[in-house]
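*Asks:* A single structure is presented below for examination.
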Amino acid sequence: MILVSLAMSAGYGDPVDGFPSDAERALVLWTNAARVAPLDFTADYKAGRCSTSDFSSSEKTAKDPLYIDLALTEAARYHSDDMRKNGCFQHDSCDGTDTWARIGRFYKDSAGAMGENIAYGSTDARYMVMSLWMCSESGHRGNIMSGDFNEMGGGVSRDYMTQDFALGELREGSPPVRVAAEYEGDVLADWGHSAAPATLELWVDGQSTRMQLEYGEAARGIYAAPIDAEACAPWSVTWTTRNGESGAFPENGAFLADGCDEEYRASASSGAGESGGADDGRGGRDDGFIEDAGDGVVAVDELNVVCGTVNVASLATVVAGLIAARRRSRPGAA
């Protein structure tokens with residue numbers, strides 16, 4: 001089989017051949033929500049039968065949001081599709097291809113730290129991240145909260161989800177807004193910069209709404225605005241930093257509101273900058289390594305999760321939910 005990586009000519013946030021999908025952007029969004037505000041989701045953790053008292057000091061400490069990498073997204077989607085269609089649930093491909101070899105077919109910055117989480121059983125990215133992976137003691141939370149990673153790809157195939165993490169070159173760019181996604185009537189966007197945004201606005205079909213801080217801190221948090229739009233209405237998020245830099249997510253075109261057969265249209269415009277000032281919207285706020293695991297099986301509300309990590313010095317794969325552990329002392333070792 002010949003695998004061809006996606007072209008990298010698009011602007012940051014622009015889907016290429018459907019990568020990432022709406023569901024995959026939501027997976028990245030909730031991953032970044034956990035990173036920027038790990039102490040803000042106590043109700044979600046309770047639903048997953050854990051609490052922040054289970055977290056290490058590092059896991060309680062906010063981290064920068066991760067950038068989307070298209071190659072990691074492609075690798076993650078490929079694995080989620082493979083597991084769903086071929087009936088396996090593991091880090092290695094269903095045909096036995098090694099985890100890191102499979103990722104390396106798509107992603108070329110594989111000399112640095114890497115990690116992977118997988119899960120199945122729900123299509124709700126928030127639940128998967130907050131109540132499942134963040135409540136796992138077997139390395140999933142450590143992957144999500146690791147300061148060793150700066151980019152990720154989320155792969156979704158129905159109720160199978162894969163997170164692939166890496167320390168890479170940020171080939172798609174490094175804007176302060178890493179991702180934005182619709183979720184239950186809102187658009188949420190992350191922000192990671194040296195200061196709070198000068199402006200952060202949701203544009204929907206020519207009308208703008210100022211986004212409000214929902215989770216985390218002003219300079220590193222998740223912002224939200226309600227989206228009250230007909231299906232297929234074009235939307236985007238625009239931003240300005242305090243030193244005058246500006247941009248949009250997606251960089252080109254617009255996403256299309258829920259209920260549409262399409263998710264993104266390169267030729268569409270959200271009308272950003274074409275009409276009057278922003279409405280205030282709704283009120284908002286002002287302002288590592290895995291130990292060996294024993295063999296066994298753990299059921300979590302009929303959902304299953306698996307986690308793996310790799311770094312320059314060592315490679316490890318840990319499965320929790322169909323729980324087992326594998327280790328290699330160095331890349332290429334048995």
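The values are calculated or read from the model by the stated rules, or taken from the named source; none is laboratory data. Values in this document were obtained by computation on a predicted structure and should not be read as measured data. When we count neighbours, we look across all protein chains shown, and the Cβ atoms used for this are built from the backbone with ideal geometry, even at glycine. These area figures cover heavy atoms from the full protein model, side chains too; ligands, DNA and RNA do not enter into them. Shrake-Rupley method; radii C 1.70, N 1.55, O 1.52, S 1.80 Å.
*Asks:* Out of all the residues in the range 74-126, which are more than 13 Å from Gly155 (Cα to Cα), out of contact with any Gly (no Cβ under 8 Å at 6 or more places or on another chain) and not in a loop (DSSP other than H, G, I, E, B)?
*Replies:* Across the range 74-126, the qualifying residues are Lys85, Asn86, Trp100, Ala101, Arg102, Gly104, Met114, Arg126.
*Asks:* Also, I was wondering about something else. So, in the range 202-250, how many residues would count as being acidic (Asp, Glu) and within 21 Å of the chain's Cα centre (by Cα)?
*Replies:* 2
*Asks:* For the range 141-198, what are the residues that are among the hydrophobic types (A, V, I, L, M, F, W, C) and not in a loop (DSSP other than H, G, I, E, B)?
*Replies:* Correct list: Ile144, Met152, Val156, Met161, Phe165, Ala166, Ala180, Ala181, Val187, Leu188, Ala189, Trp191.
*Asks:* For the range 54-112: of the residues being touching a Lys or Arg at 6+ places or on another chain (Cβ under 6 Å) and among the hydroxyl-bearing types (Ser, Thr, Tyr), which is nearest to Pro15 (Cα to Cα)?
*Replies:* The qualifying residue nearest to Pro15 (Cα to Cα) is Tyr67.
*Asks:* Within the range 38-73, track down each residue that is in a helix (DSSP H, G or I) and of a type in the set (Val, Ile, Thr).
*Replies:* Thr42, Thr52, Thr73
*Asks:* Please tell me if Ala10 is touching a strand residue (DSSP E or B) at 6+ places or on another chain (Cβ under 7 Å), at negative phi and either open to solvent by 20 Å² or more (accessible area, probe 1.4 Å) or among the aromatic types (Phe, Trp, Tyr) (or both).
*Replies:* For Ala10, the condition - touching a strand residue (DSSP E or B) at 6+ places or on another chain (Cβ under 7 Å), at negative phi and either open to solvent by 20 Å² or more (accessible area, probe 1.4 Å) or among the aromatic types (Phe, Trp, Tyr) (or both) - is met.
*Asks:* Residues in the range 27-41 that are out of contact with any helix residue (DSSP H, G or I) (no Cβ under 7 Å at 6 or more places or on another chain) and either open to solvent by 20 Å² or more (accessible area, probe 1.4 Å) or acidic (Asp, Glu) (or both): how many?
*Replies:* Going through the range 27-41 one residue at a time, the tally reaches 1.
*Asks:* Working carefully through the options Ser174, Ser93, Ser194, find the one that is surrounded by fewer than 22 Cβ atoms within 10 Å (Cβ to Cβ) and touching a His at 6+ places or on another chain (Cβ under 9 Å).
*Replies:* Criteria check complete, one pass: Ser93.
*Asks:* If Asp22 passes every condition in (1) open to solvent by 10 Å² or more (accessible area, probe 1.4 Å); (2) touching a Ser or Thr at 6+ places or on another chain (Cβ under 9 Å); (3) within 23 Å of Gly192 (Cβ to Cβ) but one, which one does it miss?
*Replies:* (2)
*Asks:* Of the residues Gly147, Gly155, Gly216, which single one is under 28 Å from Arg242 (Cβ atoms), among the small types (Gly, Ala, Ser) and open to solvent by less than 10 Å² (accessible area, probe 1.4 Å)?
*Replies:* Answer to the selection: Gly216.
*Asks:* Is at least one residue of the range 238-257 touching a strand residue (DSSP E or B) at 6+ places or on another chain (Cβ under 8 Å), modelled with pLDDT under 95, among the small types (Gly, Ala, Ser) and surrounded by 12 or more Cβ atoms within 10 Å (Cβ to Cβ)?
*Replies:* Within the range 238-257 (the criterion being touching a strand residue (DSSP E or B) at 6+ places or on another chain (Cβ under 8 Å), modelled with pLDDT under 95, among the small types (Gly, Ala, Ser) and surrounded by 12 or more Cβ atoms within 10 Å (Cβ to Cβ)), the answer is no, since none of the residues qualifies.
*Asks:* I would also like to ask the following. Please go through the range 42-69 and pick out each residue that is open to solvent by less than 10 Å² (accessible area, probe 1.4 Å) and more than 11 Å from Met134 (Cβ to Cβ).
*Replies:* Pro65, Leu66, Asp69 - these are the residues of the range 42-69 that are open to solvent by less than 10 Å² (accessible area, probe 1.4 Å) and more than 11 Å from Met134 (Cβ to Cβ).
*Asks:* Would you check if Ala225 is part of a loop (DSSP other than H, G, I, E, B), touching a Ser or Thr at 6+ places or on another chain (Cβ under 9 Å), at pLDDT 95 or above and under 27 Å from Leu39 (Cβ atoms)? Write out each step before concluding.
*Replies:* Working: part of a loop (DSSP other than H, G, I, E, B): no; touching a Ser or Thr at 6+ places or on another chain (Cβ under 9 Å): yes; at pLDDT 95 or above: yes; under 27 Å from Leu39 (Cβ atoms): yes.
When the stated conditions are applied, Ala225 does not pass them.
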